[in-house]
1. Being within 17 Å of the chain's Cα centre (by Cα), modelled with pLDDT of 95 or more and over 30 Å from residue 9 (Cβ atoms) narrows it down to one residue among 69, 84; which is it?
2. Failed condition for residue 7, given (1) hydroxyl-bearing (Ser, Thr, Tyr); (2) modelled with pLDDT of 95 or more; (3) under 24 Å from the mean Cα position of the chain (by Cα), with all others met?
3. Scan 57, 2, 51 and give me the residue that is acidic (Asp, Glu) and touching a residue at least 12 places away in the same chain (Cβ under 8 Å).
4. Give 133, 76 a once-over and let me know the one that is touching a Ser or Thr at 6+ places or on another chain (Cβ under 8 Å), modelled with pLDDT of 95 or more, closer than 16 Å to residue 66 by Cα and assigned to a helix (DSSP H, G or I).
5. Please find, within the range 82-105, the residue that is least open to solvent (accessible area, probe 1.4 Å) out of those that are aromatic (Phe, Trp, Tyr) and in a helix (DSSP H, G or I).
6. Those residues that are open to solvent by 80 Å² or more (accessible area, probe 1.4 Å), out of contact with any strand residue (DSSP E or B) (no Cβ under 9 Å at 6 or more places or on another chain) and in a loop (DSSP other than H, G, I, E, B), I need them from the range 37-65; list them, please.
Amino acid sequence: MDALVKSIKHHEGVRLLPYLDTAGKITIGWGRCLSTKGISMKEAEALLAADIADAIDDFYKLPIAVIRNCNVARRRVVCEMLYNLGLGGVMKFKKMLSAIEQKDFDLAADEMLSSLWAKQVGIRAQLMAQTMREG
């Protein structure tokens, strides 16, 4: 088995971002064809867990007043935004973050809803903004 793994790794090479293989199929990793095989539910759950962990880590990179002023429910909202948009994307929500720093959660929710992101995610943004308001 070790020799098989070593040979496949040697011949396939690893690519951590999707690419088109020589047959034009979307591929990732050591030759995993996403176009035909996809991923398993177990793999999807593992990716989700890793991405949530990254979002939580990114939460603690936000301004200290944002971290302190978010209760558990608001942390969940901000972490979900981090999951969806990444740290760079959330950092563009300057007025929302400033409102959280000032404990003005209604304004923070309004800022969430007045964004392109809210238009793109629809009801998700409305539900998250409601949680931001109510805590």
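The values are calculated or read from the model by the stated rules, or taken from the named source; none is laboratory data. Here the structure is a predicted model, which is why all the values come from computation and not from measurement. Virtual Cβ from ideal backbone geometry, glycine too; neighbours counted across all protein chains shown. The area values use the complete protein model at the heavy-atom level, side chains included, leaving out ligands, DNA and RNA. Shrake-Rupley method; radii C 1.70, N 1.55, O 1.52, S 1.80 Å.
1. Details: 69 fails: within 17 Å of the chain's Cα centre (by Cα).
Exactly one residue qualifies, and that residue is 84.
2. (3)
3. Values: 57 fails: touching a residue at least 12 places away in the same chain (Cβ under 8 Å); 2 fails: touching a residue at least 12 places away in the same chain (Cβ under 8 Å).
Answer to the selection: 51.
4. Numbers: 133 fails: touching a Ser or Thr at 6+ places or on another chain (Cβ under 8 Å).
Matching residue, one of 133, 76: 76.
5. We begin by selecting, within the range 82-105, every residue aromatic (Phe, Trp, Tyr); these are 83, 93, 105.
Still in the running and in a helix (DSSP H, G or I): 83, 105.
Details: 83: 96, 105: 27 Å².
Once the filter is applied, the top-ranked residue is 105.
6. Filtering the range 37-65 for residues open to solvent by 80 Å² or more (accessible area, probe 1.4 Å) gives 37, 39, 41-42, 45, 47, 54, 57, 60-61, 64.
From what is left, the residues that are out of contact with any strand residue (DSSP E or B) (no Cβ under 9 Å at 6 or more places or on another chain) are 37, 41-42, 45, 47, 54, 57, 60-61, 64.
Answer for the range 37-65, where residues must be open to solvent by 80 Å² or more (accessible area, probe 1.4 Å), out of contact with any strand residue (DSSP E or B) (no Cβ under 9 Å at 6 or more places or on another chain) and in a loop (DSSP other than H, G, I, E, B): 37, 60, 61.
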